[in-house]
Every structure is written in C-alpha cells, then in structure tokens.
Amino acid sequence: MKQDEAVRPPWTHDWKNPSKVHPSERIVNLSRAIYYDRETVDLVGDILGSSKNVHDYADDWVVYNAICKHWDLDIDTVSVGFGSSDVMDRCFRTLDVDHWYVVTPHYQLAPVLIEMNNRRFTYISIDQAFEITDKNSGLYLANPGSVSGECIDISELHKQYKNLIADEVYADFYPNHTLIHSVPENAVVLRSLSKTLGIAGFRCGFAVASKKITDQLQSVRSLIIVTKPAELTVPVLLPRVNKVIDNLNSVKKTLEEKFPCKPSKTLYMLFKEPNEYTERFGARQAGGFYRIALADWKTLNDTTN
C-alpha cells in the first residue's frame, strides 16, 4: 500500500441508489481530516436549519470577534482566511523569503503553495531544523504533526531563520507548545477552525502574527473570506469546543490503551494495524499507521454506522 493511500471500508458505491450506500459512507467517514462529534453535528444542523438568511453574504467581523474572544487575541494581529490554506498562501506570497525549509512529514499543500508563489524549498527533518541557521530563509513546520502525531517545543526556533511559519491546526488537542499567545516578531501561527470545530466544509482558518506581518497578509486578502455557515456557527461552537475536545481526547486515551498505537497529540488515532474501527469508518495509511479521525463514543459504538 502506498503512503497516504486511503483505506476504504469494504462496500460498493452505488450513487444512483443512495440507499444502497453504506451508512458510514453517507454519515461518518473517519478517513478524512475532520473529527465527528454527534452533538456538534446536530447543533450545526439546528443553527443552519433555523436561519432565515443562510443564503446571504457573511459578516466576517462576527468571526473575527469570536476568534479574538475565545483565544484572547488582539484583532490587529489576526488574519482570517477561507480556510488555513488561504492564509498559508498569503504567507508564502507576502513574506520576503525566496527559499523555504519544509520539515517533513508535512502538510502536502505547503510545498505546492511555495512553488505557486515562485519560491524554492528544501525538505528537511525536524532534527535538521534545529541544526540549520539561515537568516535568509524561512522554515515551515506542522506542530503538532498529523502524520507523526508529535508536538515539540519550538519557542526558540524562529531565531535561526528569517521567518517561521508554525502550522498549529491541531494545537487545540495539545496546546502545551503553542506559540499563539507569544508569537515572535518574525513568525506566523496558523490555525484551522475546520480542525478545531469539526466544520471543514465551512472553510475558516486564521493566522496570528505581529501587526507588521498581519498588515502584509491582509493586503492580499480576497473580498470574501468567511462563509455564511461559518458566521452563523463559529460564535456558537467556540464557547463549547474545549469540552468537545476534552471528550475526544478521552476517547483517544482509551483507544490508545486498548489497541496497539503510536500516541498522537492531534485529532487522529494512529493504529498500528487494522481493527473494528478502521474497517467500519475507513482509514488512511500515513507514516506506516492506520490513521482515523476521532469521534464521540456514541458514534463509535453505534453499529448502524
């Protein structure tokens, strides 16, 4: 099996007859990069179903305000985007760096965006990242890492490079080494509400940086950066997300004790071999492990899924 190849549950798709599609394919597919919390899904459905203007343009100020309130951030240091990949693209476009070091394993879109913005890059290991000192280059790394499941202290790493991009889209599941409240002047911290809130389809991410870098990122933002579903749901979901994540981390801890796993600091289980959950909910092979996203216990134990 090839690296990062999806491991699909054993059923046949029949799109002309949706009733024949396995319920897990229609409802819960944990091979994707998004957790599933049933109460959150039901709440989102209630919010959108009761809205009379879900078809309208969004007010991005509502999302900015919710983010700044939840993480206690200065709005002058926050750049909201149409997903974290949008803000990442703006980083590679505006930061005055021609050569980037990309720590592997990495988010697959990062080197693509670097090349799209006519920059060069070199893959390196995390150990090499601490050995290199290049004040003319930038460093991109995911911390925690979705493939490695690891999270390390990088608080001094920015001193070795011209710019640092810390991709922290999973940091709410393990906040011990986050830079979000102490972002160095030459660094950018990326976050994703898709990962934090489990609403990937609503496309909402943000960056935290110095006012100088934030002004650069905002100078190339598109006109519309927030969807209406994000505007309606983010202010409601953020106040309850810590409890949701605590519950999911509790599920993760129990599963890691029950099955052979590599411990993970993200929203994924990293199983060493297939099991009942990978077979029912799908998995993705990453780093030699069977990776599935977390879900609440009720969903995992519901045999109708």
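The values are calculated or read from the model by the stated rules, or taken from the named source; none is laboratory data. This is a predicted model, so every value here is computed, not measured. Ideal geometry is used to build each Cβ from the backbone, glycine not excepted, and the neighbour counts take in all protein chains shown. Heavy atoms of the whole protein, side chains included, go into the accessibility calculation; ligands, DNA and RNA do not. Shrake-Rupley method; radii C 1.70, N 1.55, O 1.52, S 1.80 Å.
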*Just checking, how many residues over the stretch 191-239 are among the basic types (Lys, Arg), under 20 Å from residue 76 (Cβ atoms) and under 17 Å from the mean Cα position of the chain (by Cα)?*
1
_Out of the helices (runs of 4 or more DSSP H) lying entirely within the stretch 104-197, which hold 3 or more residues that are buried (at least 17 other Cβ atoms within 10 Å of the Cβ) and hydrophobic (A, V, I, L, M, F, W, C)?_
109-116
*Filter the stretch 271-305 down to the residues that are touching a helix residue (DSSP H, G or I) at 6+ places or on another chain (Cβ under 8 Å) and assigned to a loop (DSSP other than H, G, I, E, B), then identify the one that is most open to solvent (accessible area, probe 1.4 Å).*
304
*Mind listing whichever residues of the stretch 222-240 are at pLDDT 95 or above and surrounded by fewer than 19 Cβ atoms within 10 Å (Cβ to Cβ)?*
228, 235, 236, 238, 239, 240
*asked:* When you scan the stretch 203-215, do you find a residue that is in contact with a Cys (Cβ under 9 Å, 6 or more places away or on another chain), of a type outside the set (A, V, I, L, M, F, W, C), surrounded by fewer than 23 Cβ atoms within 10 Å (Cβ to Cβ) and within 24 Å of residue 87 (Cα to Cα), even just one?
replied: no
_Search result, residues across the stretch 217-230 that are over 15 Å from residue 70 (Cβ atoms), outside any loop (DSSP other than H, G, I, E, B) and not polar (S, T, N, Q)_ = 217, 228, 229
*If you take just the helices (runs of 4 or more DSSP H) that sit entirely in the stretch 29-95, which of them hold at least 3 residues that are closer than 30 Å to residue 209 by Cα?*
60-71, 84-94
_Of all residues being in contact with a Leu (Cβ under 9 Å, 6 or more places away or on another chain) and assigned to a helix (DSSP H, G or I) in the stretch 201-216, which is nearest to residue 239 (Cα to Cα)? Just the residue, please._
202
_Residues of the stretch 59-104 satisfying the condition of being within 21 Å of residue 195 (Cα to Cα), acidic (Asp, Glu) and in contact (Cβ under 8 Å) with a residue 60 or more places away in the chain_ = 60, 72, 86
*asked:* Here is a list: 154, 124, 180. Which entry is over 26 Å from residue 242 (Cα atoms) and at pLDDT 95 or above?
replied: 124
*Are any residues in the stretch 241-270 aliphatic (A, V, I, L, M) and surrounded by fewer than 17 Cβ atoms within 10 Å (Cβ to Cβ), and if so, which ones?*
none
*asked:* Quick check on the stretch 81-94: of everything there that is touching a Lys or Arg at 6+ places or on another chain (Cβ under 8 Å) and open to solvent by less than 10 Å² (accessible area, probe 1.4 Å), which residue is nearest to residue 126 (Cα to Cα)?
replied: 92
